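I have placed the structure first, in the form of structure tokens, so that the comments after it can refer back to it.
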Amino acid sequence: MNLQDYLRKQQPAETVCELVSVITGAVATIKSEFLGGDEKTGIFNIYGEEEIKIDKKANQILIDVLSKSGLVSQIASEEEKEILQCNSNRAHFAVTLDPLDGSSLIPTDLAVGTIISIYGNGDVLSGLGEISAAFYILYGPLTLIVFADQKGVSQFVQDKNGVFQLVKEKILIPDGNLYGSGGLRKDWLPGHKKYIETLENEGYKLRYSGSGVADIHQILTYGGVFSYPALQEKPQGKLRLLIEVGPWCYIIEKAGGLGTNGKTRILELTPQKVDERTPVYVGSKNAVRRAAQFLEQ
Ligand code: AHM
Ligand code: MG
């Protein structure tokens, strides 16, 4: 079954299928920009990181198709300072996007991704508990989509004709033993350091590429925990609550896992602004729950 047929079967609103189709229809164009996409632009984004060409291109491609669709009233993008307001004549979805997460890995040819969340209520700042659906596109040796909504999590792989075909449904995260943690070890706070050392002593294996979508997908597939903690000089860590962490936690929780900031479930939080950051622990329930015990010390 392909993604379109799957969505038609799943979703009550035809406009949701159309919205997903608009986004996934841009995949070939985004991929065509990878070659030469690592050219530096000399422009620094709101996070102080130098943008490369593919960041801007992927952002523009997605904003163009979304605004032309007439389905979206708001877009929040990692590459845009403000929430974009659009004319929507048929539906009023709000969408968050990280157009190309892990783009610094383009020169190394490792997997990168696109992260999307959809708010049926048309308001991206209404709270992560209001997410109606979320998915990521992972551009690896295969191009795949992991799509989550109320009914669960499914995986699709692009076939030789460019069509996304269902390969797994009702995905549940196993209780595995992989871990990844962002930030430099010297900047970790004592509780996080102790937590990671404990996992290592128990035989958890390090898997961290620096491409969040690829790392999250590995945790979803094999189990364990992905984290980007509070750091000495950055108590909120690095990752963006609305754009990256919210959709990841939605997908992982729909697969039976858990996502927290070390204390509170991420999906209980309401971002105040697009660029709000948060520490994150996301993955198999057991591994994520245990983080809280160490962080409280
Ligand atoms: P980006 O969206 O600017 O590419 O950055 C986000 C990425 C995540 O994908 C990844 O988990 C993290 O930042 C890696 O950060 P670091 O290089 O500090 O390990
Ligand atoms: Mg990102």
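The values are calculated or read from the model by the stated rules, or taken from the named source; none is laboratory data. If you're wondering where the values come from, they're calculated on a predicted model, not measured in any experiment. Please note: Cβ atoms are built from the backbone with ideal geometry, for glycine as well, and neighbour counts cover all protein chains shown. For the accessible areas, the whole protein counts, side chains as well, though only heavy atoms, and no ligand, DNA or RNA atoms are used. Shrake-Rupley method; radii C 1.70, N 1.55, O 1.52, S 1.80 Å.
Key figures for this structure:
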| read-out | value |
| --- | --- |
| Area accessible to solvent at D123, 1.4 Å probe radius, in Å² | 60 Å² |
| Proximal lysines relative to K168, as straight alpha-carbon distance under 22 Å, when same-chain residues fewer than 8 apart are discounted | K9, K151, K160, K254, K285 |
| Shape category assigned to segment 1-109 from the gyration tensor of Cα positions, a/c cut at 1.5 | oblate |
| Chain lengthening between T270 and Q85 when straightened (0.36 nm per residue, less Cα-Cα) | 64.6 nm |
| L71 long-range amide H proximity, modeled H, under 5 Å | none |
| Alpha-carbon Rg with Dmax, taken over the chain, Å | 18.1, 56 |
| Segment 178-295: translational diffusion in µm²/s, Stokes-Einstein, Kirkwood Rh over Cα pairs, 25 °C, 0.890 mPa s | 177 µm²/s |
| Accessible surface of the chain [probe 1.4 Å, protein heavy atoms]: carbon and sulfur percent | 49 percent |
| For segment 70-77, Karplus couplings with θ = phi - 60° (6.51, -1.76, 1.60), whole Hz, Gly/Pro x | x, 9, 10, 9, 9, 10, 10, 10 |
| Ellipticity estimate at 222 nm from DSSP helix runs (n ≥ 4, -39,500 (n - 2.57)) divided over the chain, nearest 500 | -8500 deg cm²/dmol |
| Y47/N286 FRET efficiency (R0 30 Å; Cβ-Cβ; nearest 0.05) | 0.40 |
| Heavy-atom surface of segment 161-228, accessible at 1.4 Å and reported per residue (Å²) | 48 Å² |
